[in-house]
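Notes for the one structure printed next.
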Amino acid sequence: MLKTVFPKLEKLTITNNTNNLYVFNITDVLTAFPYLKLLTICCHTPKNWIIEVLQLGNLALDILTIYYDESSQFEVFSFYDILRILKTQKPGFTLIISVTDDTGRFDVYFSQLKQFFDINTKQGYRSRGKICTAFRVYYQDTMTSYIVPSSL
């Protein structure tokens, strides 16, 4: 139904999903809205979102943003899977993950994530005018941005 009402929807924000009978998944959204360029998710997102994005391959999306307002919503993911997502997307794609963690429960995890991406990508926003895939992580009060040039 939504697909016929909004056939060329390009921007969508999903927030505060309170329907406990529906487990949100990205595949449903991207199948219903194939022209989507910007998807922002501000609700509990199951860990399998990474598997879904990997299975979908190169997305039409330009920006995928996932906010975790509570650390209880966040589930750790494989650094390698995130890097695979970034390498399979078109140049210019940006993945943003934001986690609020007042308890510090994930401090070690995000420190390890930073080390992994410092080794396997480059920190920054651009690579000398080249269009690159980007990954931004907001954890606590710190934002770190990485680029994945097509040559990596």
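The values are calculated or read from the model by the stated rules, or taken from the named source; none is laboratory data. Just so you know, these numbers come straight off a predicted model, no measurement behind them. Note: ideal-geometry Cβ built from the backbone for every residue, glycine included; neighbour counts use all protein chains shown.
Please work out if F74 is at pLDDT below 90 and within 22 Å of T45 (Cα to Cα). When the stated conditions are applied, F74 passes them.
Can you confirm whether T144 is out of contact with any Pro (no Cβ under 9 Å at 6 or more places or on another chain), at pLDDT below 90 and either surrounded by 13 or more Cβ atoms within 10 Å (Cβ to Cβ) or in a loop (DSSP other than H, G, I, E, B) (or both)?
Values: out of contact with any Pro (no Cβ under 9 Å at 6 or more places or on another chain): yes; at pLDDT below 90: no; either surrounded by 13 or more Cβ atoms within 10 Å (Cβ to Cβ) or in a loop (DSSP other than H, G, I, E, B) (or both): yes.
The answer is no for T144.
For the stretch 16-36: of the residues being at pLDDT 85 or above and in contact with a strand residue (DSSP E or B) (Cβ under 8 Å, 6 or more places away or on another chain), which is nearest to I51 (Cα to Cα)? It comes out as I26. Scoring Q89 on the criteria (1) touching a Leu at 6+ places or on another chain (Cβ under 8 Å); (2) modelled with pLDDT of 95 or more leaves a single failure, condition (2).
What are the residues in the stretch 25-53 that are farther than 24 Å from Y80 by Cβ and either surrounded by fewer than 14 Cβ atoms within 10 Å (Cβ to Cβ) or among the aromatic types (F, W, Y) (or both), if any?
Residues of the stretch 25-53 that are farther than 24 Å from Y80 by Cβ, as a first pass: 28-29, 31-38, 40, 42-43.
D28, T31, F33, P34, Y35, listed by residue number.
Screening the candidates K114, K90, K122 for the property of being basic (K, R) and under 21 Å from T31 (Cα atoms) yields one hit, K90.
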